[in-house]
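Scroll down for the structure; my scribbles are underneath it.
The values are calculated or read from the model by the stated rules, or taken from the named source; none is laboratory data. Please read these numbers as outputs of a predicted model, since none were measured by experiment. Heads up, the Cβs are rebuilt from the backbone with ideal geometry, glycines too, and the neighbour counts pull from every protein chain shown.
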Amino acid sequence: KRNKKVCSVDKANVLETSELWREVMIRIAKEYPEVELTHMYVDNAAMQLVRWPKQFDVMVTENLFGDILSDQASMLSGSIGMLPSASLNDKGQGLYEPSHGSAPDIAGKGIANPLATILSAAMLLRYSFGRGDLATRIEAAVSTVLDQGLRTADICTLQDRTVSTVEMGDAVVAALN
């Protein structure tokens, strides 16, 4: 559930397209008086995302800024391989995917982190199918595996055990049972 706070991120002090973005956001916000709308310039948003990420409930921005901020936000979790993503419509239908790209350079090598994909499936269950109970089970299984010290190479530290893509997926499935 959301806290009914939206931060619109733009660069309206420099870009005319961002001025238009801000005008449209203000106009749309009037249709949702129960939602608090704030504005932030993208450079400040990038700093605030590192400094105090919990201040944000929902951030809305255009594609270029969103690509940069989502990659930056992914590192708050340790790796872009950990960040699930959803694009939802007002009916709860959505497209769920990891926020990272397809990474063809590591395809078939067994080193990809499957957790963002698994957590995206949990989001699908929660937001499109109303099955928060199943989503919570998946999230708990991921936490259990991480608590056991299992890590793919992108998030591994010296005290952790490095596992392959398949081993990580199998460990999450085992933790579900």
Go through the range 150-170 and count every residue that is without any contact (Cβ under 8 Å) to a residue 40 or more places away in the chain and either closer than 30 Å to ASN89 by Cα or under 22 Å from the mean Cα position of the chain (by Cα) (or both).
-> 3
Can you tell me which residue among LEU115, LEU119, LEU83 is surrounded by 13 or more Cβ atoms within 10 Å (Cβ to Cβ), closer than 26 Å to ALA45 by Cβ and in contact (Cβ under 8 Å) with a residue 40 or more places away in the chain?
-> LEU115
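Residue-by-condition table, conditions (1) hydroxyl-bearing (Ser, Thr, Tyr); (2) within 20 Å of MET59 (Cα to Cα); (3) modelled with pLDDT of 95 or more; (4) assigned by the TED database to the domain that holds ILE68:
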{"residue": "HIS100", "(1), (2), (3), (4)": "no, yes, no, no"}
{"residue": "GLY110", "(1), (2), (3), (4)": "no, no, no, no"}
{"residue": "PHE129", "(1), (2), (3), (4)": "no, no, no, no"}
{"residue": "VAL145", "(1), (2), (3), (4)": "no, no, yes, no"}
{"residue": "MET168", "(1), (2), (3), (4)": "no, no, yes, no"}
Only one of these is touching an Asp or Glu at 6+ places or on another chain (Cβ under 6 Å) and farther than 19 Å from ALA73 by Cα: ARG27, ARG22, ARG2. Name it.
-> ARG22
Consider GLU34 against the criteria (1) in contact (Cβ under 8 Å) with a residue 24 or more places away in the chain; (2) more than 25 Å from MET123 (Cα to Cα): it satisfies all of them except one. Which criterion is unmet?
-> (2)
Could you count how many residues in the range 135-177 are closer than 21 Å to ALA86 by Cα and surrounded by fewer than 16 Cβ atoms within 10 Å (Cβ to Cβ)?
-> 4
In the range 7-44, anything touching a Ser or Thr at 6+ places or on another chain (Cβ under 8 Å) and not polar (S, T, N, Q) is listed as CYS7, VAL9, ASP10, LYS11, ALA12, TRP21, ARG22, MET25, LEU37, HIS39, MET40, VAL42
Looking only at the range 122-149, which residues are charged (D, E, K, R), in contact (Cβ under 8 Å) with a residue 12 or more places away in the chain and more than 14 Å from GLY169 (Cα to Cα)?
-> ARG137
When you look at LEU76, is it of a type outside the set (D, E, K, R) and touching a strand residue (DSSP E or B) at 6+ places or on another chain (Cβ under 6 Å), yes or no?
-> no
Selected residue (only one of MET59, MET75, MET25 is under 28 Å from SER128 (Cβ atoms) and outside any helix (DSSP H, G or I)) = MET59
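Residue-wise test of (1) assigned by the TED database to the domain that holds ILE138; (2) within 30 Å of LEU146 (Cα to Cα); (3) modelled with pLDDT of 95 or more.
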residue: LYS1; (1), (2), (3): no, yes, no
residue: CYS7; (1), (2), (3): no, no, yes
residue: THR38; (1), (2), (3): no, no, yes
residue: ASP57; (1), (2), (3): no, yes, no
residue: GLY66; (1), (2), (3): no, yes, no
residue: ALA107; (1), (2), (3): yes, yes, no
The range 137-153, residues that are more than 11 Å from LEU115 (Cα to Cα) and in a helix (DSSP H, G or I) = ARG137, ALA140, THR144, ASP147, ALA153
